[in-house]
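For reference, the structure is listed below as structure tokens.
The values are calculated or read from the model by the stated rules, or taken from the named source; none is laboratory data. These figures come from a predicted structure and were not determined experimentally. With ideal geometry, Cβ positions are generated from the backbone for all residues, glycine too; neighbour counts draw on all protein chains shown.
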Amino acid sequence: MAAYQLGAESGLLTPGVRALAITFQGHHKEHIDALAAAVRTLGGEPSQAKAEYIFPVSKLKAERDVLEFAASLERGAMSAYAGAIPLFQDSALAAAAASILADESMHWAVLRGALGQDPVPGALFS
Amino acid sequence: MTVSPGTLGAVAVAAVGAVALGLAAIVGSPEPAAIVLPTAAERGEQVYARCMGCHSLDYDRTGPRHCGLVGRLAGSVADFVYSEEMKQSGITWDVESLDRFLADPAGVVPGTLMTYAGVADEGERGDLIAFLVASNADPERCGEGQ
């Protein structure tokens with residue numbers, strides 16, 4: 001969420017890419033809502049967003065830098081979910097996380113495409 | 001395209017020509033091109049891409065920064081919020097402790113906030129640790145103040 005906000009407000013993005021960033025940010029808002037609902041269903045209290053996030057702002061000097069940064073986050077998020085799902089004992093939580101993993105994978109592929117890279121550079125990612 | 005004997009002949013001539021050119025290139029080449037294999041740290045950088053949803057080398061994110069990791073007491077990055085279990089683990093991060101932890105984070109530190117099953121493949125784990133060690137020693141990646 002915060003990273004896409006940074007990108008959208010950077011002034012570095014062309015209109016098409018900025019629209020993409022805002023769309024993806026909307027997806028992440030939906031992910032937060034879905035995970036928060038799942039945590040509440042399990043009797044927990046969702047953690048709050050940090051008051052501040054640190055990003056490598058000084059390294060983001062062009063649209064490509066923003067796209068590469070976003071792609072690295074999406075790639076990492078994909079693995080974070082792939083690594084977390086095996087630990088979930090609740091199948092509803094695992095299902096929510098798997099759905100989010102699918103979104104992160106699509107985001108990564110689209111961002112790689114925007115960078116002129118092979119959108120799907122392999123199989124069996126973890 | 002209509003295939004005729006003439007067309008096939010032209011294809012055959014082109015193919016023979018291509019092979020001949022290829023042989024000439026090989027015969028004319030003084031030295032075969034050296035094959036440069038990636039180092040463990042270079043391979044490990046690819047594995048580290050999995051960590052970047054939560055971690056960064058030089059700043060704290062959902063997980064703590066990795067610059068300064070080697071030789072650091074677990075749970076000791078200033079102002080980062082760790083689980084009590086991680087803070088009390090007594091682990092100092094080195095090649096051996098990283099290998100144990102990354103193989104099974106929740107098994108080694110039950111209660112860790114790192115909700116990640118781990119890097120099961122021993123080779124990938126070794127490459128990842130090689131990348132972390134190399135990055136920690138690299139002033140470009142982990143300079144003073146990082």
- request: Give the number of residues within segment A:3-38 that are under 14 Å from A:A96 (Cα atoms), crowded, with 16+ Cβ neighbours inside 10 Å and over 18 Å from the mean Cα position of the chain (by Cα).
  value: 1
query: Is there a residue in segment A:67-81 that is modelled with pLDDT of 95 or more, closer than 16 Å to A:Q25 by Cβ and of a type in the set (D, E)?
result: yes
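Confirm whether A:R18 is within 11 Å of chain B (Cβ to nearest Cβ) and either within 18 Å of A:A114 (Cα to Cα) or in a loop (DSSP other than H, G, I, E, B) (or both). If you could, list the steps in order and put the result at the bottom.
Working: within 11 Å of chain B (Cβ to nearest Cβ): no; either within 18 Å of A:A114 (Cα to Cα) or in a loop (DSSP other than H, G, I, E, B) (or both): yes.
No; evaluated as a whole, the condition is false for this residue.
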query: B:V108 versus (1) touching a helix residue (DSSP H, G or I) at 6+ places or on another chain (Cβ under 6 Å); (2) surrounded by fewer than 20 Cβ atoms within 10 Å (Cβ to Cβ); (3) under 27 Å from A:P56 (Cα atoms): which is the lone unmet condition?
result: (3)
message: Looking for something touching a Phe, Trp or Tyr at 6+ places or on another chain (Cβ under 7 Å), buried (at least 20 other Cβ atoms within 10 Å of the Cβ) and either more than 13 Å from chain A (Cβ to nearest Cβ) or over 23 Å from A:M78 (Cβ atoms) (or both) - is there at least one such residue anywhere in segment B:83-98?
response: no
statement: Going through segment A:52-88 in order, the residues found to be more than 17 Å from A:S105 (Cβ to Cβ) and away from chain B (no Cβ under 12 Å) are A:L60, A:K61, A:A62, A:E63, A:R64, A:D65, A:V66
field: Number of the condition not met by A:M106 [criteria: (1) touching a residue at least 12 places away in the same chain (Cβ under 8 Å); (2) away from chain B (no Cβ under 13 Å)]
entry: (1)
- line: Per the filter on segment A:8-17, residues under 18 Å from A:W108 (Cα atoms) and modelled with pLDDT of 90 or more are A:L13, A:G16, A:V17
- request: For A:F24, indicate whether it is closer than 30 Å to A:A94 by Cα, part of a helix (DSSP H, G or I) and either of a type in the set (A, V, I, L, M) or touching a residue at least 24 places away in the same chain (Cβ under 8 Å) (or both).
  value: yes
